[in-house]
Structure formats: structure tokens, C-alpha cells
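Beneath this line is the structure, given in C-alpha cells, with notes to follow.
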4 protein chains.
Amino acid sequence: MAFANNPKYTGVIPPVVTPRTADGAIDIPGLQAVVEHLVTGGVTGLFVLGSSGEVPYLTNAERALVVSTIREANAGRVPLIVGANEQTTERVIEEGRAMIELGADALVVTTPYYALSNAAEVEAHFRAVHAALQIDIFAYDVPVRTHVKLSVATAVALAKDGVIVGVKDSSGDDVSFRQLLLATRDFEGFSVFTGHEVVVDGAMLGGAHGVVPGLGNVDPAGYRRLFDAAVAGDFVTAAKEQDRLTEVFEIVYTPDSARVSGGAAGLGAFKTALVELGVIGCNKMSSPMEDLNASEASAISGILTRTGLL
Amino acid sequence: MAFANNPKYTGVIPPVVTPRTADGAIDIPGLQAVVEHLVTGGVTGLFVLGSSGEVPYLTNAERALVVSTIREANAGRVPLIVGANEQTTERVIEEGRAMIELGADALVVTTPYYALSNAAEVEAHFRAVHAALQIDIFAYDVPVRTHVKLSVATAVALAKDGVIVGVKDSSGDDVSFRQLLLATRDFEGFSVFTGHEVVVDGAMLGGAHGVVPGLGNVDPAGYRRLFDAAVAGDFVTAAKEQDRLTEVFEIVYTPDSARVSGGAAGLGAFKTALVELGVIGCNKMSSPMEDLNASEASAISGILTRTGLL
Amino acid sequence: MAFANNPKYTGVIPPVVTPRTADGAIDIPGLQAVVEHLVTGGVTGLFVLGSSGEVPYLTNAERALVVSTIREANAGRVPLIVGANEQTTERVIEEGRAMIELGADALVVTTPYYALSNAAEVEAHFRAVHAALQIDIFAYDVPVRTHVKLSVATAVALAKDGVIVGVKDSSGDDVSFRQLLLATRDFEGFSVFTGHEVVVDGAMLGGAHGVVPGLGNVDPAGYRRLFDAAVAGDFVTAAKEQDRLTEVFEIVYTPDSARVSGGAAGLGAFKTALVELGVIGCNKMSSPMEDLNASEASAISGILTRTGLL
Amino acid sequence: MAFANNPKYTGVIPPVVTPRTADGAIDIPGLQAVVEHLVTGGVTGLFVLGSSGEVPYLTNAERALVVSTIREANAGRVPLIVGANEQTTERVIEEGRAMIELGADALVVTTPYYALSNAAEVEAHFRAVHAALQIDIFAYDVPVRTHVKLSVATAVALAKDGVIVGVKDSSGDDVSFRQLLLATRDFEGFSVFTGHEVVVDGAMLGGAHGVVPGLGNVDPAGYRRLFDAAVAGDFVTAAKEQDRLTEVFEIVYTPDSARVSGGAAGLGAFKTALVELGVIGCNKMSSPMEDLNASEASAISGILTRTGLL
């Protein structure tokens, strides 16, 4: 299997987590270690300031520090795709400009949120951001957070006009995902990434160009093997790797849902796994999210052992 | 690829549409023709009285007539899996009993609806239905209609105890679908079917045992080829067939959404395609749903031609 | 305050609960006692087979038994407004016909459910039901169960043409409720009832003609006092009575939400309160709903004492 | 009627719109004129940088300019309650600090958004913001934008501990609103405001201390009359004024929903009405929202005439 349309971006581009020290500061050495873990694990890019990076919880100074730290640790080895996460158009443009100055190679932009938009406004939003910034833009479709679904029609219109260079789909709508793949398959250079950790084999069978897996923080090499098998057309191997990674993904269900929020459970599990793997030293979450506790860490350690990571 | 757990049900089991004559009566010869079209097309079972069969719109007399007609037309060639579609437990049991008397080989049961249930009630519901009826039961997960998601945990508990013989998943949640596949893969005889027409290749790559495709009314042979390729491990061929079927699925987007409801659009497109294919004579919908018009039929005909069905 | 448009129905029309004996059978003497409790409490009508009557859980035989029992116990003292609760149009018509034969003075009809309708289908649905049955029809707007909101525009169109004689609003949308009141205030004979127990004073200040309170099973006389005060224009007294009833309503929050579903909590609380008040003997719920336990009954008893009912 | 608990804030506190000139800049003289219109209309406070002020669309520089302009135009006549609108805790604290420096007398804070929080995080969020800023804080409950409902239990806990001085409720949940009123009625100095323009009479009958009406930009004097009548216990007069204002509110339904988004329709109608009333010169919206057109302005003008405002 080759990608006939020469996509500019392919592969495994995990959303980098943001480690904190026990006192809540950004853990610079920890973040450097995560980058090293990911790049040596074979990732093809780094998605900086995504939801898995706790972007809504970072102050502007923290956002800048995270981007700078990752840029320096990466040292140009893979492209940096940076989230310009703000409520609406003009604020996204200002945020995007700051991210470009900090070294972003491409930007990730969501639909407006907190706002009550329609399809025309969503389309105008992306066009305005691209016109102002003139950089590669990924549309990030994440209705669980923005409460707006990026329609296939809007994505196709933006792709056709070169406004966006790709879509990162975390919509959980596999039907529209397949339709988007079909509709854009001949668009030169265009990419469609899935953001769902457990369906990468099927997504690539349908033509996806890669994955942005939060769980890729934990097992970048596993996702790279899965991607390589799929590119080679060996889907049976890809599915076996996917099955193993789906077992690893069980770590996100270990936290006690009576104590830990939906947002904190997944990200806390990724951080806790990185502690168990010895990559970082502390699983501290951004306030006011709860940290995972020792019992949850133990459950996660068990899963990592069972799936060959520990 | 073989199914290691010896599933009792596999393959392509389309939800049979219910043709009506221009005056709104059940079209008996039309329904017989649909059954012939499906069985000779290679389907491995018939899902009777599903949403695609317009079950919520049929009176009790019409439901009985539809089941009897299909049973006689099928003449035992493939199993009949019949929907026992009612609001809550005791009513489902009564409905299921009637369907068994009419010749059902297995029943399809949803979570309670119109009710405001919790997970314990959903589990108790399936247990009570199975205890009363002692027949193969598929749990039908269709939150777009019931507004309740059947959790993986509940499905696994029911499967483990032999309460259900399979799940028909129309939840649109591909993450939980994969998790269900993994959790039940060693359950002797158990089956997981996807209800989504455009992701069958990926579903089978993940281990699904078959599909319940509304679009299978239109192109049963295409779905059979897709299934057979996947079973043979030839996923590249499966994906190509899936891509073609995804194009055929575009027929459901032809109706004018300002006039035709979401419910009527898909079912109306299937019926209209069957008219275009010469299988039935009339695309009449159950009242109060709107019939598709000539312009929509023409668009559907174009898609059928483009995809090799006409 | 007078109702300038001469509404045919006004006042307090509680949705009658359905008591069961410990073995799960309909509790006939209990149901008779509830009717006596309500009619002597001053209600102006009885809403039979509503959600509070557990209608989705009753078999057809049970539904008939409930209507007959209530009709005989009521002996013509107040009108019987009976739910014709089914999925879509033709099934509602059959159900409505049965209810009329059993003695319904008027019917309560929801939007279609389990179906995926649009506004035109909803309007056609009510028109078809009225055309077939030629009886007073209340539109029941209960999106928490049907997942469709009856729009103000549709309700007004139906009201203007005499298709519906009133609306029972359980939508929780107080903005559209006020708009409906304004839009229909000059429609001769038309009624708008709120289904929300704790905002009756405000609803009547805005022009509502009455209330269908589940909690009216527990304290019919309280709701009658509230209604009478509002009709007399004494809203300060109405608000005081409403505040007391809002405290009584706390009984629905006593059940343990980890054990008891949303559906069972409210109805179980009403039944349990009726046991505490000595009206019925058993708080048994329809299967598979959980019964409230002794600790919950004790909490309910405390609230009844605190609010002057015990 | 007196407010027995001596609330610090009462009355009519409209969310001030943000006029723009035709070229998209903040319209300073227009904003000054709006402030004058409101204060002379009898409002008891100004809610600055609310949703009606298009806060998600304003850059940081624009936000500062809006607050400064309003502060100077108001010249201390009424308190300024300013929105500190950001995604999560630390960002809200930074934003709140900036607003305090710009002259805010109190802050309005929503639940976290874009985040996936639970009740504990929501409570911790408000506690952390108050601890850091030590200023009067209104909790703003607006689930249509944040997709989180502030529960009665959380609001009561925060109120009891003095973390919040009031709630602005735009939840559309009139049941929980009444329960909040009852639960906090004895809390010294605490206020509950409704954000819904058409149910102020009922809200105040239930004990609310005031209203934050977007429509108050258009008719501040009408809302003041409604408030004064309710405080005087003359609810019949209050209801009449409310009915008239509900008719005025029809302006928000004049925009063509095929062209204008939900967000733009209401705010565009307020701005257009202010143009028709001669308060401001231009109804320009923040990009990418659509401006209302001449035909929509004409419909609005008709409503203003019919309701005595023109």
C-alpha cells in the first residue's frame, strides 16, 4: 500500500503530554525525556499543545515554555504541529501567530467553541485563520470538546481550496470518517489522521494516512509498527498490533470514576504509565484535575506488564 | 482468517425493508421479491422487523403479516432473526412470544426505550427476556433510537452467561465496538455484527463476524463479496469492495433534508433503489413519512449506474 | 384572574400512579384508593397511563385493567384523560381506539419516538391521530423520553386548527413554554398545562391553565390550593404553597442513584410516600425497576413530616 | 416583597453588547451611548464581557478596550460585573486579575469548558479562582455554551462558604432554578439572577433577586418596571410587562436561520434594534458572524413599533 496522493504528513504524530513536578510546575527534564522517548520510538511528528497536552489548563506562559522545550528537545528531527487553541477566529489567529514565532511547522485548529456557530461560520473561521497565517493547518474535529461536528462537506471544501492540509479526526464518527477518506483521496498532498487509539488498523485499511494517538505517549514504537505493517499492506499483522494496543488502552479505564473526571482519567493514565516506564518522575495533573493514586498506578503497571511494555 | 470461537451466526444479515403499495398496504409480492433478491444474493440470514423494516410504524397485524410472508418466501433457506421491538421488558416478552409463534429462529432485542433506565435495569431486562423466552437473542445497540448505549461491561456479562448469542452494534462508537470484540473473542459461539454499512472491512479486520447492512437490501451480493474477502484474509480486496459500497451508500444523502426526515431518507433511498433495480414496484413509505420523489429517484439511479448496479 | 379564552380543561390533573402488590400484580384496591385520595383532594381530572403511571412498563392487559379500574373508581366525577402511548401514528391510533372503548374522555399523545422524525412528520402525526379518532387530544411534550421537542410553531398550528385541545408541557424549556402561552392565549377553549411540579406558580402567572403534577399523587390538595390561589390572583400565597410543595418534591432525590434509575427514583418516591401516608400498602415497581428500600422510605417519611403531610 | 436576606446585588444587570463600526473596530462612541442608554434606563449594574458582549470573539486588546470604555462611560454610577472568560482555572485567574486591574467590581466565572470536568473539579475551580482573586464572584451557569450544568449542590456549597456572591442562571432548567432559590434564600447577601428574558416575573415570584437580560440592551426601562412591580408584590403588573417584553423578544427570531447562526441571531437582533432606536449607528457583528440584513432590520423595526418602543 502506498499513499497515491503524496500526503505531506503521514505516520504517528502523538499529542505530547505535559509532565508537571509535584509542586505543579512544568517538568522541563520530564518533557525533554518524553520527546526523546517519542522520537526514538519512531514517531513521524509531534502534536504539541493538544488536549492530551492539557492545553486548556496551561497559562500562556506555560504554553510558550512547553513549545520551546519541545522544539529544543526535538532539534528538528520531526515536524512540530502545534495547537492554536482559542475560542474563536481572531483569538486563534493571535494564538497561532505566537505559536509560529515559537517554532511551529504547522498548526492544529478546532472549530470555534463556547460560541454557537453554524457551518458557514465554521468554514469562514478556517479560511480567515489560513489567510492570516499562511501556514499548514490541520482541522481538528473534536466534538466531545467543541460540541460542533466538522462536516464532511466543510472539510472537503477547505481541503479542495488548500485552506487545510489535513484533518485530525477525533469525532468518533467512523461513518463520516470513511466518507471523508473517500472524498479526499485524490487531493494532492492531503492527509487524514484518526485520533482514536484503538481503530488505527481499520482507519488505515480505509485509506487514513496516520494517527494522532494519546496512547502513543506510552507506546510510540507499537504505533509505529502498526503503521508500518499497514503501509506494507500486512493488515493481519497490523490488527494483531492494534489488538495489543487496545489492551494497553485499558489503562485509561483504571481510574475511579467517582473521583477522577473523564478528562483526568485518560491523561492521568498516560502520565502514570510514563512514570511506571521510567520516562518521567511524577504523574501530577494540571489543577483542578485529580492525580491518579497508588492503587491506580498499580493497576496500570499490571496492564503494562501484561502487554509487554514492562 | 477463521473465526476461532465457532460463532453460530456469521455473514451478511440485512434488515429486510417493508415494501408498500401505492395505497399504503403491505406489498406481499414485493416483499417476496425482496426476500428472493436477498437470498439469491448470498445473504446468510434475514433480520426481520428491524428499523430498516420500519418496525416502529407497523401495526401488530402488519408485523405478523410481514413475518409470515418472509418466512414463507424464505422457506427455511436462511435463519430468520426477528425484532421483538417494544418499550420495556414485559412488553418485549409478549412481542417476542408472538414472533416465535410466527417462526422466528432468533430475536433481536433493544435496550428499553421511552423509559429512563440505568445499567442494572438494562442488564435485568435482557436476563428477564431470555429467561422467559429461551431462544437465541441478539442485543441491538442503537442509541440513536433508544438513547441508551449498551455498555461493553453489560454486553460482556450477558454474553458470558449465555443470555445473548450476539450483539448487533449500530452505536456508531467504534472504540467500544473494538473493545467488545476483544473482550468476547474467546466466547464460544458468540457473534458481534456491525450495523454500519461503510466500515465493514475495518470491523472484520478487528474480528467482527458479520454485518447487518440496511444497504444490503440494495446490494446483497456486494456485501457477500466483502464478507468473503475478509474471511479469506484478503483485506485489500475487502476494502475496495467497501469503497464501492460506500459510494452506493451515497443514495441515502440524495433526499432533500428540508422535506424528508432522517428516518425516511435512508429507508426511502433503499426502497427507491429497489424500484430502480426492478425488484419492487413502489417506494411508498409508512405514514407519516414522506416518499422520495422523481428527482431523488433520478439521483439514486445515477449512483446505482456509477457503481455498477444498473 | 380569569381564563379569558374559556379553556375546556383547567386545574390539577395528576398522572395517576399504578400501585402493584408485592408479587407484581396490579393492586386494584390500591389503585381505587389512589383515585379516591385524588378526587377527594380536589383534582379536576385524572391523567391515566402517563409516565408516572409506568405506562411503558404495562402490558396491554394491564393497561386495560388500569383504565377500567380508574374509570369505575372515579365514577364520572372528573374527566379521564388517557395516554395512547405508542411509537408512531398507526399504532397510536389503534391504542387510542382501545382507550376510547375503555372510557377515555380525552387522549394524551406524544410525538413519535424510536423513530427519527422531522417537524412535518410530527405535525402530520397529530393530524392523522385526530382525524382517525375525533376526540379531544392533548399533545404531550416530553423530550426527555421522546427525544423530540414539540416546537411552538407546530403546537400553534395544531391548536389553531382544533387538532389538539391542549398541551401538556414537560419539556423543561420555560422560554418556549412562555412563548406558547402568549401565542395561544386567545384560542377559544385551548389549555396549556405544565408538567413540572415546582414552577406552577410562575407558569400560572404567565397564563397556564393548570398542572399535571406527578407529585400531585402525594399532595393533591396542596396543588389545588396553589391553583386556586393563582386563579384568585393571589400569587404571594401561590408562591408560598409552591415553596412548600418544592420541599415535598425533595422526596424524589432520596433514592440512592447508584442503585435506583432516574425513572424509578421519582415514581418510587411517589409510591413510597403514598405508603407512608397510608393510601396504599406497597411501593412495588414494575420490573425491571428497583423498589425503594426502608432507608429511603424513612427519608421520605421525614420530608412528609417536615412539610406537614404526616 | 422585600429580599429578606439583604442581597448585595439586585435588579436589572444587562450584559452590555459590543458595537462595532462598519470596518469591524470597536465602536467607542457607540459603546458609550449604550452605557448611557442603559444607566439612564434604570439598570442597577452592568455585566461587561458576557456572551451578549461577544466575549469569545474579542481579542485581549479588545476586551481591555471594552472594559475601560464602559468604566469611563459609567463613571461609577452602577457596579461593573465583568466576565473573566477563559477555559480553565489558571487561565481564568489570569484573566480575572486583568479585569480587576481594569476596574471590575465583581467577576463572572463559568464552569471550565473545552475541558471534560466532573463536579469536584467544578467546585475546586471556583474555590481556586476566589482564593486567588478575593473579589465578589458570580457563578455563571450556561450549559448551552460550556456543556456542563452547575449543580444545585455545588452552587449551594460554594454559596455557603462565601466563594460566590451569586449565580447567574442561563441554564434553561427552571426546576433546578427554583430549588436553588429555596436552598439559598436564607444566605445573607446572596443573589440569584435569571438570565432568561421571558420568565423574569415567575423567577421573581419564586424569589429571584434580579435578571441579566440580553434584551435589556434594547429595553432597560421595561425590565426595570418589571423588576419594580415584582419587588412591590404586584405580580399581575409584572406579568403584563413580561408579556410585552416577550413580544419584544420575538426580534431574536427574525433572522433567517439558513444564513445566520444561533449565536449571531440573538446578538445581531439586539444590535439591530439599538440601531433602529438610534442608540448606535451600525449592527456589525464580530467575524465570522453574519450581520443582519435590511429585511431583518425591517422586521425588527416592526416589532419595536408594535411593542411601543418605536
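The values are calculated or read from the model by the stated rules, or taken from the named source; none is laboratory data. Source: prediction; values computed, not measured. FYI the Cβ positions are ideal-geometry reconstructions off the backbone, even for glycines, and counts take in every protein chain you see. Heavy atoms of the whole protein, side chains included, go into the accessibility calculation; ligands, DNA and RNA do not. Shrake-Rupley method; radii C 1.70, N 1.55, O 1.52, S 1.80 Å.
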Exercise for review: Might you let me know whether the stretch A:188-205 holds any residue that is without any contact (Cβ under 8 Å) to a residue 60 or more places away in the chain and either in a strand (DSSP E or B) or of a type in the set (Lys, Arg) (or both)?
Suggested key: yes
Study note, to complete from the structure: Per the filter on the stretch D:239-270, residues under 17 Å from D:Val199 (Cα atoms) and free of Cβ contacts under 8 Å to residues at least 12 places away in the same chain are D:Lys240, D:Asp243
Exercise for review: Tell me which residues, restricted to the stretch D:261-303, are part of a helix (DSSP H, G or I), among the acidic types (Asp, Glu) and under 23 Å from A:Ala120 (Cα atoms).
Suggested key: D:Glu296
**Study point:** Boolean, B:Val252 is within 11 Å of another protein chain (Cβ to nearest Cβ) and farther than 26 Å from B:Ala22 by Cβ
**Key:** no
Check your understanding: Restricting attention to the stretch B:271-282, which residues are in contact (Cβ under 8 Å) with a residue 60 or more places away in the chain and either surrounded by 24 or more Cβ atoms within 10 Å (Cβ to Cβ) or among the basic types (Lys, Arg) (or both)?
Key -> B:Lys271, B:Ile280
**Study point:** Residue that is of a type in the set (Gly, Ala, Ser), open to solvent by 10 Å² or more (accessible area, probe 1.4 Å), on the phi > 0 side of the Ramachandran plot and in contact with a helix residue (DSSP H, G or I) (Cβ under 8 Å, 6 or more places away or on another chain), where the choices are A:Gly42, A:Gly11, A:Gly24
**Key:** A:Gly42
**Study point:** Contacts under 7 angstrom Cβ, first residue in the stretch A:24-41 being farther than 15 Å from A:Leu277 by Cα, partner open to solvent by less than 30 Å² (accessible area, probe 1.4 Å) and of a type in the set (Lys, Arg), 6 or more apart
**Key:** A:Ile26/A:Arg20; A:Asp27/A:Arg20
Exercise for review: Confirm whether C:Ala157 is more than 13 Å from every other protein chain (Cβ to nearest Cβ) and over 23 Å from C:Phe47 (Cα atoms).
Suggested key: yes
Check your understanding: Can you spot a residue in the stretch B:240-249 that is open to solvent by less than 10 Å² (accessible area, probe 1.4 Å), assigned to a loop (DSSP other than H, G, I, E, B) and touching a helix residue (DSSP H, G or I) at 6+ places or on another chain (Cβ under 9 Å)?
Key -> no
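Right, A:Leu304: within 20 Å of the chain's Cα centre (by Cα) and touching a residue at least 12 places away in the same chain (Cβ under 8 Å) or not?
no
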Study note, to complete from the structure: When the stretch C:283-298 is checked residue by residue, the ones that are buried (at least 19 other Cβ atoms within 10 Å of the Cβ) and away from chain B (no Cβ under 12 Å) are C:Asn283, C:Lys284, C:Leu292, C:Glu296, C:Ala297
Check your understanding: Taking the stated definitions as given, is B:Asp169 more than 17 Å from B:Thr89 (Cβ to Cβ), of a type in the set (D, E, K, R) and touching an Asp or Glu at 6+ places or on another chain (Cβ under 6 Å)?
Key -> yes
Practice item. Test each condition in (1) touching a residue at least 60 places away in the same chain (Cβ under 8 Å); (2) over 30 Å from B:Val200 (Cα atoms) for A:Ser117 and report the one that comes out false. Key: (1)
**Study point:** Criterion (among the aliphatic types (A, V, I, L, M), crowded, with 24+ Cβ neighbours inside 10 Å, on the phi < 0 side of the Ramachandran plot and more than 14 Å from chain A (Cβ to nearest Cβ)) met by exactly one of B:Val167, B:Val211, B:Val199
**Key:** B:Val167
Check your understanding: Restricting attention to the stretch B:214-232, which residues are assigned to a loop (DSSP other than H, G, I, E, B) and away from chain A (no Cβ under 14 Å)?
Key -> B:Val218, B:Asp219
Practice item. Restricting attention to the stretch B:112-136, report how many residues are β-branched (Val, Ile, Thr) and away from chain C (no Cβ under 11 Å). Key: 1
Check your understanding: Within the stretch D:180-189, can one find any residue that is closer than 22 Å to D:Asp136 by Cα, open to solvent by less than 20 Å² (accessible area, probe 1.4 Å), away from chain C (no Cβ under 12 Å) and more than 19 Å from the chain's Cα centre (by Cα)?
Key -> yes
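Right, C:Tyr223: closer than 21 Å to C:Leu46 by Cα and of a type in the set (Phe, Trp, Tyr) or not?
Judged against the criteria, C:Tyr223 is a match.
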Check your understanding: Do we have D:Gly172 as at the interface with another protein chain (Cβ under 9 Å from one of its Cβ atoms) and either assigned to a loop (DSSP other than H, G, I, E, B) or within 15 Å of D:Val109 (Cβ to Cβ) (or both) here?
Key -> yes
Practice item. Within the stretch A:145-154, work out how many residues are more than 14 Å from chain D (Cβ to nearest Cβ) and buried (at least 20 other Cβ atoms within 10 Å of the Cβ). Key: 2
Practice item. Output the number of residues of the stretch A:39-64 satisfying the condition of being closer than 17 Å to A:Asp136 by Cα and either in a helix (DSSP H, G or I) or among the small types (Gly, Ala, Ser) (or both). Key: 2
Review point. Hey, among the residues in the stretch B:255-282 that are among the charged types (D, E, K, R) and out of contact with any helix residue (DSSP H, G or I) (no Cβ under 6 Å at 6 or more places or on another chain), which one's farthest from the other protein chains (Cβ to nearest Cβ)?
Key: B:Lys271
Review point. Would you pick out the residues in the stretch D:250-269 that are under 17 Å from D:Ile303 (Cβ atoms) and either open to solvent by less than 10 Å² (accessible area, probe 1.4 Å) or charged (D, E, K, R) (or both)?
Key: D:Glu250, D:Ile251, D:Asp256, D:Val260, D:Gly268, D:Ala269
